[in-house]
Amino acid sequence: MNTIDELGIIQVLKKGVHRNKLSFNQDWRFFRGDTQGSEAANFDDSAWEIVHLPHTVRVEPAHCSGGLNYLGISWYRRHFYVDKAYNGQKVFVEFEGAKHSADVWLNGKHLLTHYGGYLPFTIDITDYVTADGETDHVIVVKLDNSDMPDVPPGKPQGELDFCYYGGLYRNVWLHTTDKLHITDAIYANQQAGGGLFITYSDVSSLKAQVNIQTHISNEYDIPKACSVSHYIVDNNNEVVSKVSSSLHNIDQQKDHTFTQSVTVSEPKLWHPEHPHLYTVYTVVYDSDVVVDAYETKIGIRYIKFDGEGFHINGTLMKLIGANRHQEYVYVGDALSDSLHRRDAIKLREGGFTIIRTGHYPQSPAFMDACDELGLMCIIPTPGWQWFRDNDTFKERSYQDIREMIRYHRNRPSVVLWEPILNETDYSEQYTRTALEVTHAEYPGDQCYAACDNYRIAAIDYDVVYGAALRDHQGSFIREWGDHYLEQAGPRHTHLRCSRGTRDFYPGGESGMLQSSKERTDILNNILATKGLSGGALWTGIDTNRGYYDNIAACGALDLYRLPKYSYYLFQSQSDPDLQISGIRTTPMVFIANDWTSASTRDITIYCNCERIRLYLNGRLLGVKKPDASYGSMPHAPFIFEGVEWEPGKLMAEAIVDDVIVATHAVMTPGTPDYLTLSVDDCGIELKRMVLI
C-alpha cells in the first residue's frame, strides 16, 4: 500500500480545500445580566468585558454548592469579517454547548432559539454574510441558564445533585465548505444518517469490514456528478485500505447518501489496553475535482453485553468505572480542552476503564481523549429525577437521544447509550419510545441501550442497571459509593442509603481509610458477581451540587484533582505491564497512611505487584503478599497489622520476580522549611487557552 502522503490527501486536507474549521473563541464582548437592545447590530458594546471561550458566566467560589452559582441571563457579542477566500462557499457557526436556552442574532436578524445545554448546534449564516474581508458582522448570543422545567434535565437547581453553570462554556467554531459537501450529522437531522456514519462487521484479528455511510448535500443551483473516496490509514501513515464510489448525479438543492464497504486485513483492534486508532480520510469529488475532504478517527472493535457480562473483541472483561461531571473549580463547566484531557488522563491512570458521563453528553475534547487512552464511555441523555409528561419535554428529550448518538456514534470508546432519565419516574410510553429512538438511530448489533431494571419495559432493554431480568441481558451498576456511610461502616452491601451530610466523609487520614476500606469491599463484591459487567463509582471527582450546601466529597479525586487514598486502590487494579501512550502506566505502590502518632497501626498498602517489603527507619518489618480475603480483585491490598509506631520514615518496596519495581515512602511530618511548587500538566503542552 502507498502512504497517505504519496496519495496527496494530507496536502489536500492541510490546504483547506473548501473546508476550514476556524476557532471562534477569541474576542467576545460579554455582559452578565439582562439589557435592552443588545441584539441590534449597531448596539454600542465597547464598555462590555472582552472575554475568550470557553467562558463561565461568573467566576464562582471553589465550593459553590447550595445555589451560590449564577443563574440568569447573559449576553455575548462578537464582531468578525469573512475572508474573501470564502466567497461562494457555505459558512456555518457551530456552538459546542450553551445552556439552557440560546437566542442567536446575526447583524440584528434573529436566526435561532436553541434549547438544551449539553449538545452542539449549528447555524447556516451563508446568506447573511459578505465574504469580502472587510464587512463588519456581529453575532449576538443571549443565554439563560435559569431553571427551565421543559428543557431536560429540567429539575430546578435547588433540588439538583449538580449545578447549572452558565456561559458559552465550550468551543465555538466557524466552518466553511464547498456547496457540495459532507453534512454535519446533527444539522442534517436525518435518522441514522447525516455526516459520516462508520460501523463494523465480521470483525476478527484476521479481517474486518468497515462500512461507511456518507451524506452529501448539493447546494448548487445545478446538478452535480459526485463521487466519494475513503482512505483508511494506520498510525504509521500507511494506507491499509481504500474504496471509491462511482459518480452519482445529485440534483440541485438535493442530497444523497453514499454507502460503501471496505475490508481491512489483520486489523489492529481497539481495546482499553491497546486503543489503536485509524484515520479515515474522506474525499469528495465534483466530477474529477476535489471539493471536500474530511478526517475521522476510528477504532475497529466488536462488543457484546449479555448474561455473562461485557465482551470486547471476543474476550470477557470486567468494567471498573467511575462517573464524571464536567465541572472544575472557579470556572464551572467552562473547562479548556486541556482540562478535559487532563481529567481523562487522571481517570485512566487511576485504573478506571469506563466512564459514565453523568448525567449528560460531554465535550468532544474529553471524548477524543477517551478514544485515544482506551477509556470506554456510557453516554446518558440529559436528565435527573425529573419528568414532564407533556409533548414539549418528551420531544426535546427524544431529540437529545438522537443528537447524542449522531454526535458520538463513530467513537470506539462509546460502548453503551443511556437514553432514559436518571433516577426518574417516567412513563412506560417514554421508556419504550426512548429505546425505539436509540435503535432507530444506530441500527445493528453494536448498539446497546441501558435502563434501570425497576422500570416498566426494562426487560426489553439490552442492558439494565441492577440485576438482569432475562437470559442474555447485560447488567451493570451505574452508581455506587455515594450513599453508604463512608465513615460509619463497615457496610458490606450494594444497597443505597439516604443522602445527607453524614454520607460524605470530611477528609483526612481516618476518613479516607474508612472510605477506601468500604470501597475495597464493594469493588471485590462487584468483581465477584457472576454475569455483572461491572460498575461505576459515584464519583470519580468531587463535585458541587445545587440541593445541599456541601459538596459531594465522594470522589476518588477532590475538586482540585488531588488523589485520595481510594484513587490508589483503583489505580492498583491496572496491570503493571500496561503501556498506553499518553498516560503513566508503571508498577505502583502506595502507603495509605500519614504515619503520625494518631495514625492507625494497621498499614494498608495498594500495589499491583507480587510482594511488598515494608521498612521503618531502614529496618525490615516484613514481607507480605496480597490479602487473600479479596480474591476477586486483580490486585488486592496488602495489610501489615500492628506496626508499632515510632517517628520517621515508612517505606514500601514492590517486588516482581525478586526485583524492586516501585517504591513509596511516607514520613512523620516535621516543621516546614520551604515549599516546592510544580505544574501537574499530565504531559499536556502548555500553550494559549490551557488551564491547569
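Residue-wise test of (1) in contact with a Lys or Arg (Cβ under 6 Å, 6 or more places away or on another chain); (2) among the charged types (D, E, K, R); (3) outside any helix (DSSP H, G or I).
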residue: H340; (1), (2), (3): no, no, no
residue: L347; (1), (2), (3): no, no, no
residue: F352; (1), (2), (3): no, no, yes
residue: I355; (1), (2), (3): yes, no, yes
residue: H359; (1), (2), (3): no, no, yes
residue: A369; (1), (2), (3): yes, no, no
residue: E372; (1), (2), (3): no, yes, no
residue: I379; (1), (2), (3): no, no, yes
residue: P382; (1), (2), (3): no, no, yes
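Among the residues in the range 61-72, are any in the same structural domain as H114 (by the TED database), assigned to a strand (DSSP E or B) and surrounded by fewer than 19 Cβ atoms within 10 Å (Cβ to Cβ)? Within the range 61-72 (the criterion being in the same structural domain as H114 (by the TED database), assigned to a strand (DSSP E or B) and surrounded by fewer than 19 Cβ atoms within 10 Å (Cβ to Cβ)), the answer is no, since none of the residues qualifies. Could you list, in sequence order, all residues of the range 296-338 that are surrounded by fewer than 22 Cβ atoms within 10 Å (Cβ to Cβ), more than 24 Å from I232 (Cβ to Cβ) and within 16 Å of the chain's Cα centre (by Cα)? D337, S338, listed by residue number.
Of all residues assigned to the range 259-282, none qualifies as being touching a strand residue (DSSP E or B) at 6+ places or on another chain (Cβ under 6 Å) and of a type in the set (D, E). Can you find even one residue in the range 161-168 that is at pLDDT below 95 and among the acidic types (D, E)? Checked against the condition, which is being at pLDDT below 95 and among the acidic types (D, E), the range 161-168 yields at least one hit. Contact map, the range 552-569: residues that are in contact (Cβ under 8 Å) with a residue 60 or more places away in the chain paired with residues that are of a type in the set (S, T, N, Q) and assigned to a helix (DSSP H, G or I), Cβ distance under 8 Å, separation 6+ or inter-chain. Pairs shown: C554/S515; A556/S566; L569/S516; L569/T520. For the range 2-19, a residue qualifies if it is surrounded by fewer than 17 Cβ atoms within 10 Å (Cβ to Cβ) and either modelled with pLDDT of 70 or more or in a loop (DSSP other than H, G, I, E, B) (or both), and the qualifying residues are N2, T3, D5, E6, G8, K15, G16.
Consider the range 31-49. How many of its residues are more than 25 Å from F162 (Cα to Cα) and exposed (fewer than 11 other Cβ atoms within 10 Å of the Cβ)? The total comes to 6. Residues in the range 579-614 that are assigned to a loop (DSSP other than H, G, I, E, B) and hydroxyl-bearing (S, T, Y) were compared, and the one that is modelled with the lowest pLDDT is T585. Assuming A365 fulfils every condition listed in (1) under 16 Å from the mean Cα position of the chain (by Cα); (2) of a type in the set (G, A, S); (3) surrounded by 24 or more Cβ atoms within 10 Å (Cβ to Cβ) apart from one, which condition is it? Answer for A365: the failing condition is (3). The residues in the range 375-402 that are more than 23 Å from D161 (Cα to Cα) and either over 12 Å from the mean Cα position of the chain (by Cα) or at pLDDT below 95 (or both) can be counted, and the count is 6.
Of the set (1) within 14 Å of F638 (Cα to Cα); (2) not in a loop (DSSP other than H, G, I, E, B), all apply to R519 but (1). Can we say R32 is out of contact with any Pro (no Cβ under 7 Å at 6 or more places or on another chain), within 23 Å of P361 (Cα to Cα) and in contact (Cβ under 8 Å) with a residue 24 or more places away in the chain? Criteria not met by R32. Got a sec? Which of R29, R78 is in the same structural domain as N171 (by the TED database), among the basic types (K, R) and either assigned to a loop (DSSP other than H, G, I, E, B) or closer than 25 Å to Q326 by Cα (or both)? Of the residues listed, the single one that is in the same structural domain as N171 (by the TED database), among the basic types (K, R) and either assigned to a loop (DSSP other than H, G, I, E, B) or closer than 25 Å to Q326 by Cα (or both) is R29.
E646 falls short of the stated requirement of being over 30 Å from T671 (Cβ atoms), more than 32 Å from the chain's Cα centre (by Cα) and outside the structural domain of S510 (by the TED database).
When only residues in the range 265-276 that are surrounded by fewer than 19 Cβ atoms within 10 Å (Cβ to Cβ) and of a type outside the set (S, T, N, Q) count, which is nearest to Y86 (Cα to Cα)? So the residue we want is H276.
On the given criteria, is R470 among the basic types (K, R), assigned by the TED database to the domain that holds T520 and either under 21 Å from the mean Cα position of the chain (by Cα) or surrounded by 15 or more Cβ atoms within 10 Å (Cβ to Cβ) (or both)? Against the criterion (among the basic types (K, R), assigned by the TED database to the domain that holds T520 and either under 21 Å from the mean Cα position of the chain (by Cα) or surrounded by 15 or more Cβ atoms within 10 Å (Cβ to Cβ) (or both)), R470 does not qualify. F640 meets the conditions (1) touching a Gly at 6+ places or on another chain (Cβ under 9 Å); (2) of a type outside the set (S, T, Y); (3) farther than 23 Å from Q573 by Cβ in every case but one. The failed one is (3).
Taken together, the criteria exclude R388 from residues that are among the basic types (K, R) and either in the same structural domain as F95 (by the TED database) or part of a helix (DSSP H, G or I) (or both). Residues in the range 396-404: is at least one touching a strand residue (DSSP E or B) at 6+ places or on another chain (Cβ under 8 Å) and not in a helix (DSSP H, G or I)? Checked the range 396-404: no residue is touching a strand residue (DSSP E or B) at 6+ places or on another chain (Cβ under 8 Å) and not in a helix (DSSP H, G or I). Of all residues in the range 454-468, those satisfying the criterion of being assigned to a loop (DSSP other than H, G, I, E, B) and either within 19 Å of Q429 (Cα to Cα) or not hydrophobic (A, V, I, L, M, F, W, C) (or both) are Y454, R455, I456, A457, Y461, D462, G466. Against the numbered list (1) crowded, with 17+ Cβ neighbours inside 10 Å; (2) touching a residue at least 24 places away in the same chain (Cβ under 8 Å), H114 comes up short only at (2). Residues in the range 88-103 that are surrounded by fewer than 21 Cβ atoms within 10 Å (Cβ to Cβ) and in contact with a Gly (Cβ under 9 Å, 6 or more places away or on another chain): S101 alone. Counting residues in the range 438-459 that are more than 30 Å from S566 (Cα to Cα), polar (S, T, N, Q) and at pLDDT 95 or above gives one or more.
Selection over the range 617-650 of residues that are surrounded by fewer than 19 Cβ atoms within 10 Å (Cβ to Cβ), part of a strand (DSSP E or B) and aliphatic (A, V, I, L, M) gives a count of 4.
Could you please let me know if L106 is without any contact (Cβ under 8 Å) to a residue 40 or more places away in the chain and crowded, with 19+ Cβ neighbours inside 10 Å? Yes. Looking at S246, S265, just one residue is within 28 Å of M317 (Cα to Cα) and among the small types (G, A, S), and that residue is S265.
The values are calculated or read from the model by the stated rules, or taken from the named source; none is laboratory data. Since the structure is predicted, the reported quantities are computational estimates derived from the model, not experimental observations. Methodologically, a virtual Cβ is constructed for each residue, glycine included, from the backbone with ideal geometry; neighbour enumeration extends over all protein chains shown.
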